[in-house]
1. Considering only DSSP states other than H, G, I, E and B, which trypsin sites (Lys or Arg not before Pro) in the range 130-206 qualify as loop sites with at most 15 other Cβ atoms within 10 Å?
2. Which one of LEU235, VAL149, THR57 has its Cα pushed farthest toward the positive end of the charge dipole of the chain, where Lys and Arg give +1 and Asp and Glu give -1 at the Cβ?
3. Within straight cross-link reach of LYS73, meaning Cα distance under 22 Å, which lysines are found once same-chain residues fewer than 8 apart are removed?
4. Taking loop as defined by DSSP and a crowding limit of 14 other beta carbons within 10 Å, which GluC sites (Glu not before Pro) in the range 148-243 fit?
5. Taking the solvent-accessible surface of protein heavy atoms with a 1.4 Å probe, what is the per residue accessible area of the chain in Å²?
6. With a 1.4 Å probe and all protein chains left in place, how much of the accessible area of the chain comes from carbon and sulfur atoms, in whole percent?
7. Which of the aspartates and glutamates could a cross-linker span from LYS74 if the Cα-Cα distance has to be under 15 Å and same-chain partners fewer than 8 positions apart are dropped?
8. Which pairs break 24 Å Cα to Cα here: LYS188/LYS216; LYS77/LYS116; LYS136/LYS172; LYS90/LYS125; LYS130/LYS234?
Amino acid sequence: MKNFILIIFLTLSSVLFGQNLKGNYSGYWASTNWSYIFDGNGNFEYVTAGHFGFTNTKGKYEIKGDTVYLNAKKTGKGTLDVKRKMLIDKDSCIIDFRMRYDYCKSRNSEFLNSNKRNFKFPQTKTDNPKIISDLKTVLDSAFTNPKVVAYFHFSELPERQLIFKPYFELNKSNFPDFKIGNETIEFKQTELPKFHIEFIEINQSKDYIELEFEIKDEGVSFSMVFDLTNGEWKLDYERHHEK
């Protein structure tokens, strides 16, 4: 009886957590076809074709719970270093933890458009206060950065306020009395003034946070990447573009 229960448990675990991950999981974005091909025995092949480049890389994978860990080292021309983890969505798709694009099981070798999945904070709720605290720290760093502050013009236009348009769980409920420098952030969904901050994308992981936002009425958008280094969030990359 015990052996029978164990067999049932292992079978359910395999179904629920993708232990039999096998087949071609593909997607299309950035004018590129992306494929992850699993053999069911711990070996995978990663193939790209398009604007990103034409590559073919082979490596090993390991599944832990609902996550598949990929590991491949560059072996020659047309191959890449691949070290990442993907969330397994049942037996139909895998989702890149960092980029949030999904790659779904192909039918007749067709490539399906990848979707950006909302499966982690701030796209979804969290009960972990550190995750919220990390985002607060990064937002404070971003919006006190001299390159960003240069577009506020608070001294010339004192009527301006630092107003955020809510972005999923980045809202007044989760960030009450939130201050950046000496400015208290106001969240407004409607009746927004011409000058406000609108977030295009926030992608947060344990040691990586990417921000994309637009400063309305100034016609400028920013992309900023922060990495957690020695326990501190540091700006790793910044780019801005005026329309």
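1. Values: sites: LYS130, LYS136, LYS147, ARG160, LYS172, LYS179, LYS188, LYS194, LYS206; in loops: ARG160, LYS172, LYS188, LYS194, LYS206.
Counting only loop positions with at most 15 other Cβ atoms within 10 Å, the trypsin sites (Lys or Arg not before Pro) in the range 130-206 are LYS172, LYS188, LYS194, LYS206.
2. THR57
3. In chain and number order, the partners are LYS22, LYS58, LYS60, LYS64, LYS83, LYS85.
4. Answer by residue number: GLU156, GLU159, GLU191.
5. Working: 14240 Å² over 243 residues.
So the chain comes to 59 Å² accessible per residue, rounded to a whole number.
6. Working: 7320 of 14240 Å².
It is 51 percent, rounded to a whole number.
7. Filter leaves GLU45.
8. Details: LYS188/LYS216 14 Å; LYS77/LYS116 30 Å; LYS136/LYS172 13 Å; LYS90/LYS125 21 Å; LYS130/LYS234 17 Å.
From LYS188/LYS216; LYS77/LYS116; LYS136/LYS172; LYS90/LYS125; LYS130/LYS234, over 24 Å: LYS77/LYS116.
The values are calculated or read from the model by the stated rules, or taken from the named source; none is laboratory data. Keep in mind that this is a model prediction, so the values were computed, not measured. When we count neighbours, we look across all protein chains shown, and the Cβ atoms used for this are built from the backbone with ideal geometry, even at glycine. Surface accessibility is based on the protein's heavy atoms, side chains included, excluding ligands, DNA and RNA. Shrake-Rupley method; radii C 1.70, N 1.55, O 1.52, S 1.80 Å.
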